[in-house]
Amino acid sequence: MAGFLKATKSDEIAPGQGKMVELNGKKIAIFNVEGAFYAIDDTCTHRGGPLSQGTLDGKQVKCPWHGGVFDITTGEVSGPPPFKGVSRYNVRIEGGDVEVEV
């Protein structure tokens, strides 16, 4: 059964940055874009690179390993080499907590 789980504090992710959290055995990348938070799978579908460590440009994250680009609002691939997207998760802010629906 899906539900929202506390992932981190909102002030632990600076604007333009990402952070990996593990919830229910899933590695999830949470990104802060000008105070709006987004969550996708942390593992690139190309070779498994950590998307949370990638470069964020607006709402696009570039995998640090081979440069694949993903839209953090949808999880869809925006640029090769990956050809398969990642899962996207609903996010909400409760108090100062970032919660992710898993």
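Read-outs throughout are calculated quantities, based only on the coordinates presented, and are distinct from any laboratory measurement. Here the structure is a predicted model, which is why all the values come from computation and not from measurement. For neighbour counting, all protein chains shown are included, and Cβ atoms are generated from backbone atoms with ideal geometry for every residue, glycine included.
Projecting the Cα positions of 55, 67, 16 onto the charge dipole of the chain (unit charges on Cβ atoms of Lys, Arg, Asp and Glu, taken about the Cα centre) puts 67 furthest along the positive direction.
Taking amide hydrogens as placed 1.01 Å from N in the peptide plane, the amide H of residue 5 sits under 5 Å from those of 100, 101, 102, each at least 5 positions away in sequence or on another chain.
Under the convention that each Lys and Arg Cβ holds +1 and each Asp and Glu Cβ holds -1, the size of the dipole of the chain around its Cα centre is about 320 debye. The gain in end-to-end length when the residue 24 to residue 90 segment is fully stretched comes to 22.3 nm, 0.36 nm per residue minus the alpha carbon separation.
Once the Cα-Cα distance is subtracted from the 0.36 nm per residue extended length, the residue 65 to residue 83 segment shows a gain of 5.0 nm. Across segment 64-79, computed HN-Hα scalar couplings (Karplus, 6.51 cos²θ - 1.76 cosθ + 1.60, θ = phi - 60°) run x, 8, 10, x, x, 10, 10, 7, 6, 7, 10, x, 6, 6, 10, x Hz from first to last residue, x flagging Gly and Pro. What do you get for Rg/Rh of the chain when both radii come from the Cα atoms and Rh is the Kirkwood radius? Radius of gyration relative to Kirkwood radius: 0.95. For segment 40-102, the list of chymotrypsin sites (Phe, Trp or Tyr not before Pro) that fall in a loop by DSSP and count at most 14 other C-beta atoms within 10 angstrom reads 83.
Among the trypsin sites (Lys or Arg not before Pro) in segment 1-99, those located in a DSSP loop and surrounded by at most 11 other Cβ atoms within 10 Å of their own Cβ are 84.
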